[in-house]
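One structure is given here, and the rest of the page talks about it.
The values are calculated or read from the model by the stated rules, or taken from the named source; none is laboratory data. Given the structure is predicted, the values throughout are model-derived calculations rather than measurements. Reconstructed Cβ throughout: ideal geometry from the backbone, glycine too, with neighbour counts over all protein chains shown.
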Amino acid sequence: MTPILGASPEQEEVVTQAAVPVRTQEDVTSALLSAILDMAGDLDTRSLLERFVAASTGLTGARYGAINIVDEAGASVEFVQSGVEESVVAALGHPPHAWGVLGAIPDEGVLRLEDLTHHPDFRGLPPGHPPMGSFLGAAVRVRGERFGTLYLSEKAGGFDEDDEGVVLSLAAAAAIAVHNSQSYDLEVRRRRWLAAAQEISTMLLEGADAEDVLERVADAAVQVAGAHVAAIVLPGADAELLVEIVTPAGRTMLGADMSAHPRVRAAYDEGAGALVADVSADGADAFTGYGPGLLAPLHAHGQGMGVLTLLRRSGAAPFTDDDLDLAQSFARQAALAFVLGEAARLRGTAAVRDERTRIARDLHDLAIQQLFAAGMQVEALRADPSGPVSPEVSQALEQVVAHVDAGIRQIRVIVRTLDDPGATIPLVERVVAEVELARSSLGFAPQLTVRVDGRLVEAIAGDRVEAGGIDDVVAPGRANNVVAVVREGLSNVARHARSQAVSVRLEVTTGQPGEVVVEVEDDGVGVPPAPARASGTRNLAQRAEESGGSFALLRPPSGRGALLRWSAPLD
């Protein structure tokens, strides 16, 4: 730059800073092409929008620039700006909504104003907002719909037609770049959903606990979908719809009854997912404080299993149709995995049952018949008319016949046991087996106490169990429930309690009315004030209800850990 004669160095610096270089059309075209190429190579939407705003302000000479993405009501959900200091942005509180002059920007073309304050739709600027006069606004359309709106303001001398051309070119290039970015983001999310679905299938096929799998479904969904909370609504014992699984941020809604929520009910009954602009407006107290929602039914073969619900806090960006499609696909795959996992379990159970039946039939048809034939031959030898046998031989033959008869009786017991594994095993012995099995998962041996009418019964005597008359008063069906309660209670302690000691108490009261009570007490973390799921004890409650009894999860008298108490009347 040529020095100014007679000017001091300080004056020359001021003139240098104030001077605006004159750019040729060739310079502008080159800069525009460079900006377009920069945007085309950026697959991160936020970074891309920042490049777009920077290019728009730089090529037009605007002091302020922003792109605003709004929802259907015109409220801003994402705002990228340049020119306004961050402290001022924070003081303003929230981005501008697409109302007033900003709402007058057309879908096609531009809105160019010498002074936006003179526009008939101008509603004023909020306190603390920088003054703005000259204005240029244009829509950015992606896939035929408005994606966002560009705002430019405060250009010395005002905007002209050349600026309009630059802005429209940049908007068109930004639209293509945004489309590419969205397509890339969609593919990334699709892969993450697919990976989550594969993980769920693997867990089920490996025999993972159904509750753990459901909890993983919620965790994966909240992470992949960018939601604040994921909740799984499952049918209850009386066909009500309850929030049974929820991620930590939404624990207050655990156990909420969603039976009367029309969208949740429709998703469960009809298998149709839905996007909700504001879930709190539907009247469900559990959804207070949340805005955008997504409902994805867990359906397989036309059968409803539950509803995966994804929520974002009020004011957050809404879920899109792509989000719904991906979440529904994930929910369908998860539901199908549950069905296939259950089918595999049933096939395994059926195979075991068939094998037991085959073994029982072979023992009955072959082993017993052969032993019976052997016994008949021995009897024939004892009664052989060709000559009397010695007393010693006769005694030996008699012992052989006795052993054969005993063997036949034992095989018949084994056959009955194979047909019904619990039919010939005393209840206390089955409970002892469950307690022993829990040792490996707990890391220590639980303590077992058995009482009948207040009398302490020795649970183990050598390798056998003192039944104490329990099997005379506890019917087989009720005994099966008792064993299942002990098993599920110890399993819950092993998974969640982090305890150092567990006591299992079985008490039977005869007479009228008779009752069987099972208690499982641990010294672990206790019942959480806001647990992550409620289905862990639902099976126990259902067993009590079906048996005409009761179930409770209490704080024990010691104040430490938890006390599970299950009771049912004797049949």
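Couple of notes before you dig in:
- Checking Ala274 against (1) at pLDDT 85 or above; (2) of a type in the set (A, V, I, L, M); (3) in contact with a helix residue (DSSP H, G or I) (Cβ under 6 Å, 6 or more places away or on another chain); (4) surrounded by 21 or more Cβ atoms within 10 Å (Cβ to Cβ), the condition it does not meet: (4)
- Residue within the stretch 219-238 that is under 26 Å from Gly315 (Cα atoms), in a helix (DSSP H, G or I), acidic (Asp, Glu) and outside the structural domain of Val80 (by TED's automatic domain parsing) present: yes
- Qualifying residue in the stretch 231-246 (condition: surrounded by fewer than 17 Cβ atoms within 10 Å (Cβ to Cβ), at pLDDT 85 or above and at negative phi): no
- Residue check, Gly293 under 17 Å from Phe319 (Cβ atoms) and not in a loop (DSSP other than H, G, I, E, B): yes
- Entirely in the stretch 406-505, the helices (runs of 4 or more DSSP H) that have 3 or more residues that are assigned by TED's automatic domain parsing to the domain that holds Arg565, modelled with pLDDT of 85 or more and surrounded by 13 or more Cβ atoms within 10 Å (Cβ to Cβ): 427-442, 476-492
- Within the stretch 522-534, considering residues that are modelled with pLDDT under 80 and crowded, with 17+ Cβ neighbours inside 10 Å, the one nearest to Leu448 (Cα to Cα): Gly526
- Here the stretch 556-571 is the region considered, the condition is being under 25 Å from Gln512 (Cα atoms) and in a loop (DSSP other than H, G, I, E, B), and the residue that is modelled with the highest pLDDT is Leu570.
- Selection status of Gly341, surrounded by 18 or more Cβ atoms within 10 Å (Cβ to Cβ), assigned to a helix (DSSP H, G or I) and either outside the structural domain of Ala227 (by TED's automatic domain parsing) or modelled with pLDDT under 80 (or both): yes
- Verdict on Ala225 being surrounded by 22 or more Cβ atoms within 10 Å (Cβ to Cβ), touching a strand residue (DSSP E or B) at 6+ places or on another chain (Cβ under 8 Å), touching a residue at least 40 places away in the same chain (Cβ under 8 Å) and under 30 Å from Ile105 (Cβ atoms): no
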